[in-house]
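Read through the structure below, which is laid out as structure tokens, and then see the notes.
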Amino acid sequence: MKKRLLSIFAIGFLAITMASCGGKCVTCSDCPDGVTLTNAAEEEVASLEVCEDDFDSKEEYDQAISLTEGFGCDCK
């Protein structure tokens, strides 16, 4: 279930915008077994860049990073 939720989450925010990142960005990776990151093309990836410009507000960006880290991934 965690894998599915994270995949849905990743697809959702990446589908909103596919523009290149110009603001604050972090790269999320090193997820535990059973948790995968999914890019906009719905492909499982080892790391995923998440940018503040991809969200409507800083709060949404912070929540997305917190959720991803909550599943055990490392975002730097």
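Express in nm, to one decimal, how much length is gained between D74 and S57 on full extension, taking 0.36 nm for each residue of separation and deducting their alpha carbon distance.
Values: separation 17, 0.36 × 17 = 6.12 nm, distance 2.17 nm.
Value of the extension gain: 3.9 nm.
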**Study point:** Length added when fully stretched, N39-C25, from 0.36 nm per residue minus Cα-Cα
**Key:** 3.5 nm
Point to revise | Net charge of Cβ neighbours under 9 Å - reference C28; Lys, Arg +1; Asp, Glu -1 | key: -3
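Each value in this text was obtained by applying a stated rule to the coordinates, not by laboratory testing. Everything quoted here is computed from the prediction, not taken from an experiment. Please note: Cβ atoms are built from the backbone with ideal geometry, for glycine as well, and neighbour counts cover all protein chains shown.
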